[in-house]
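Structure, as structure tokens:
The values are calculated or read from the model by the stated rules, or taken from the named source; none is laboratory data. Being a predicted model, the structure only gives us computed values, none of them experimental. As a convention, Cβ positions derive from the backbone with ideal geometry for all residues, glycine included, and neighbour counts pool all protein chains shown. Protein only, heavy atoms only, side chains kept; ligands, DNA and RNA dropped before computing areas. Shrake-Rupley method; radii C 1.70, N 1.55, O 1.52, S 1.80 Å.
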Amino acid sequence: MHNTAPAELVEMFSVFVHPDIEDEKIDLVRAALVTARTEYPKLEVEEYAGRVEALARRVAAHASEASEQNTLAALNRVLFNEANLRGNRDDYYDPRNSFLNDVIDRGLGIPITLAILYMEVAKRVGFRLSGVGMPGHFLLKHYSPDGREILIDCFSRGDILTRQDCQSKLDEIYSGEMRLRPEFLQPISRRQILTRMLNNLKTVYLSTRNFRKALPIADLILVIYPHSAEDLKQRALLRYSMGMHGLAAEDLDAYLKISPKASDAEEIRQMVLSIRRMLALMN
């Protein structure tokens, strides 16, 4: 499959996410930093990964007793008070909120990037957290030894949320149209976390019709899920908009192979035919 992102970037990203790696073993910090190279090609991944390690050492120094409350207090103190991380409420759709290096440098992020930092610093001090993909607002969850679940909102400086708080967040985002369902608070995989982060960024670019920047992001999503029919179709349409007709047709062929019975299969077949005719006329 041809990619439009630089081959070296795709290669580097697949080192961290390729299907042979167990999900639990995915290094979210480095994978997220590699995605930032779509915007900052010379970004020093190891330098920023080192800064995350340094934050973890500070948390460990504060959490002398390894109790749950101590660790959470130390995480909040180091990340929100000392490193001054906070949710970017003034410019939520700034693409920089999705790049981990910018989040570390500027202290500003969206729920998912702040959560990735929090979760990975916590992991380095032996405190397990899972990502929770609630619609519209990403959270973290910790399972206490006694079976209680603690929900953490990194966008609000590590607030602990109840289910009622989660419903209120949904009401805020979806104007009261969405009820909280148990599956909204289920943990999601590390691959799903990265995909959600990339989808957020792609949506920001598409909202300003910046197809040139959206395209490499679409490539990276397909490194994580190479057989995702929906993502192949989306990339095909992006490539088509950018005048990459041959590559668009390749993606659409792959889409039809994976989903021959899709509801739009006939429409897509016609589109491939007309692209191929157009390309034949150009030769």
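Choose one of Ile110, Tyr205, Ala83: the residue whose Cα lies farthest towards the positive end of the charge dipole of the chain (beta-carbon charges +1 Lys, Arg; -1 Asp, Glu; about the Cα centre).
Tyr205
Which whole-number percent is the relative contact order of region 1-157 (Cα, under 8 Å, 6+ apart)? Can you show the working numbers first?
Numbers: 193 pairs, mean separation 29.0, N = 157.
Here the relative contact order equals 18 percent.
Divide the volume of the convex hull of the Cα atoms of region 137-258 by its number of residues and quote the answer in cubic angstrom per residue.
Values: hull volume 17.6 nm³, N = 122.
Dividing the Cα hull volume of region 137-258 by its residue count gives 144 Å³.
What number comes out for accessible area per residue over region 219-283 if the probe is 1.4 Å? Units Å², please. Please list the in-between numbers first.
Working: 3520 Å² over 65 residues.
Value returned for region 219-283: 54 Å² of accessible area per residue.
Cross-link candidates for Lys261: which lysines have Cα within less than 24 Å, leaving aside residues fewer than 8 places away along the same chain?
Qualifying lysines at Cα under 24 Å: Lys233.
In whole percent, how big is the carbon plus sulfur part of the accessible area of region 111-228, probe 1.4 Å, protein atoms only?
Details: 2590 of 5120 Å².
In region 111-228, the share of accessible area belonging to carbon and sulfur is 51 percent.
Quick one: order Asp94, Asp20, Asp253 from most to least accessible surface, probe 1.4 Å.
Details: Asp94 20, Asp20 135, Asp253 50 Å².
Ranked from most to least accessible, the order is Asp20, Asp253, Asp94.
Determine by what factor the alpha-carbon radius of gyration of region 30-132 differs from 2.2 N^0.38 Å, reporting the quotient.
Details: Rg = 13.5 Å, N = 103, 2.2 N^0.38 = 12.8 Å.
Taking the Cα Rg and dividing by 2.2 N^0.38 Å, one obtains 1.06.
How much length would be gained if the chain were fully extended between Arg277 and Arg181, taking 0.36 nm per residue of separation minus their Cα-Cα distance, in nm to one decimal?
29.7 nm
If you line up the long axis of helix 229-241 against the longest principal axis of the chain, both from Cα atoms, how many degrees apart are they, to the nearest 10?
Roughly 60 degrees, rounded to the nearest 10.
Mean residue ellipticity at 222 nm from the helices of the chain, using -39,500 (n - 2.57) per DSSP H segment of n ≥ 4 over the full residue count, to the nearest 500 deg cm²/dmol?
Numbers: 12 runs with 157 residues, N = 283.
Roughly -17500 deg cm²/dmol at 222 nm, from the helical runs in the chain.
How do Tyr143, Tyr92, Tyr255 stack up against each other in accessible area, from largest to smallest, with a 1.4 angstrom probe?
Tyr143, Tyr92, Tyr255
Give me the distance between the Cα centres of region 129-179 and region 21-47, rounded to whole Å.
First find each Cα centre; the distance between them is then 26 Å.
Lys25: which lysines have alpha carbons under 22 Å from its alpha carbon, excluding same-chain residues fewer than 8 sequence positions away?
Once the sequence-local lysines are set aside, what remains near Lys25 is Lys123, Lys141.
Please report how far the C-alpha centroid of region 79-117 lies from that of region 199-276, rounded to the nearest whole angstrom.
About 30 Å separates the Cα centre of region 79-117 from the one of region 199-276.
Extension gain Gln270-Ile160, at 0.36 nm per residue separation less the Cα-Cα distance, in nm?
On the way: separation 110, 0.36 × 110 = 39.60 nm, distance 5.19 nm.
The Gln270-Ile160 span can extend by a further 34.4 nm.
For the chain, what is the charge dipole size about the Cα centre, in debye to the nearest 20, if Lys and Arg each add +1 at the Cβ and Asp and Glu each add -1 at the Cβ? Walk me through the numbers before you get to the answer.
Working: 37 positive and 39 negative charges, 71 e Å.
Magnitude of the dipole: close to 340 debye.
Could you please state how large a percent of the accessible area of region 41-104 is carbon and sulfur, counting protein chains only and using a 1.4 Å probe? Write out the running numbers ahead of the final one.
Working: 1590 of 3470 Å².
Answer for region 41-104: carbon and sulfur cover 46 percent of the accessible area.
Taking a probe of 1.4 angstrom, what is the accessible area of Lys141 in Å², to the nearest 10?
My reading of the accessible area for Lys141 is about 0 Å².
Helix 265-282 against the longest principal axis of the chain: what's the angle in degrees, Cα atoms only, rounded to the nearest 10?
For 265-282 against the chain, the angle is about 60 degrees.
I'm spelling it out carefully: the read-out is Cα extents along the principal axes in Å, the candidates are (1) 72, 43, 38; (2) 55, 35, 32; (3) 54, 47, 42, and one was derived from this structure. Which label?
(1)
Check the straight Cα-Cα distances from Lys42 and name the lysines below 17 Å, setting aside those fewer than 8 residues away within the same chain.
Lys213
Starting from the residue with the highest accessible area, list Arg190, Arg269, Arg163 in decreasing order, probe 1.4 Å.
Values: Arg190 15, Arg269 90, Arg163 125 Å².
So the residues, ranked largest to smallest area, are Arg163, Arg269, Arg190.
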